[in-house]
Amino acid sequence: MVLYILNSPILTNYGKYEFSKISLEYAKELLSFGDFVSAIGHEATANLLSRITGFSIPTNRVRIEMESGDIAIVFRVLTRLPEGKVLSEEELEKIPYELGLLERVE
């Protein structure tokens, strides 16, 4: 099992997935196990997640493919941003967002 951190709820491979909302506390618990792969490609998002979780989450623009049993903490923005808009950490913190858990079950 691999734990990923994503900045959007994307399906990275074919298969069956479950996606559910999680608390910040549960995200911190998952991160406390130590090994995770950041696929956060936006620096402000990585900085915000690092600050709110207390874990160092690097910016890492990589392509991933989740396999069966892999999970991902997902930073999900709850509003539609203007095309091409890149938000600062301060702007990002002010818009509605939530954390989700994406699990590839098959």
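The values are calculated or read from the model by the stated rules, or taken from the named source; none is laboratory data. The structure presented is a predicted model; accordingly, all values stated were derived computationally and were not measured. Every residue, glycine as well, gets a Cβ built from its backbone with ideal geometry; the counts of neighbours run over all protein chains shown.
Out of the residues in the stretch 1-16 that are modelled with pLDDT under 95 and either outside any loop (DSSP other than H, G, I, E, B) or within 12 Å of the chain's Cα centre (by Cα) (or both), which is surrounded by the fewest Cβ atoms within 10 Å (Cβ to Cβ)?
Among them, the one singled out is 10.
From (1) over 13 Å from residue 6 (Cα atoms); (2) in contact with a Gly (Cβ under 8 Å, 6 or more places away or on another chain); (3) among the charged types (D, E, K, R); (4) assigned to a loop (DSSP other than H, G, I, E, B), pick out the condition that doesn't hold for residue 28.
That leaves (4) as the condition not met.
Of all residues being within 17 Å of residue 32 (Cα to Cα) and part of a helix (DSSP H, G or I) in the stretch 47-73, which is nearest to the chain's Cα centre (by Cα)? Just the residue, please.
The residue in question is 49.
Can you pull out every residue in the stretch 80-106 that is within 30 Å of residue 16 (Cβ to Cβ) and either in a helix (DSSP H, G or I) or modelled with pLDDT of 85 or more (or both)? Walk me through how you get there before you give the answer.
Step one: of the stretch 80-106, the residues within 30 Å of residue 16 (Cβ to Cβ) are 80-81, 96-106.
Within the stretch 80-106, 96, 97, 98, 99, 100, 101, 102, 103, 104, 105, 106 qualify.
Show the residue pairs meeting these rules: Cβ distance below 7 Å; 6+ apart or different chains; first residue within the stretch 78-106 and surrounded by 14 or more Cβ atoms within 10 Å (Cβ to Cβ); second residue hydroxyl-bearing (Ser, Thr, Tyr) and in a loop (DSSP other than H, G, I, E, B).
104/68
Among 52, 73, 22, which is within 14 Å of residue 8 (Cα to Cα), touching a residue at least 24 places away in the same chain (Cβ under 8 Å) and of a type in the set (A, V, I, L, M)? Explain how you work it out, then say what you get.
Numbers: 52 fails: within 14 Å of residue 8 (Cα to Cα); 22 fails: within 14 Å of residue 8 (Cα to Cα).
Unique residue meeting the criteria: 73.
Against the condition outside any helix (DSSP H, G or I) and under 12 Å from the mean Cα position of the chain (by Cα), how does residue 76 come out, does it pass?
Yes.
Quick check on the stretch 33-72: of everything there that is out of contact with any Lys or Arg (no Cβ under 9 Å at 6 or more places or on another chain), surrounded by 11 or more Cβ atoms within 10 Å (Cβ to Cβ) and among the polar types (S, T, N, Q), which residue is farthest from residue 97 (Cα to Cα)?
Taking the candidates together, the pick is 60.
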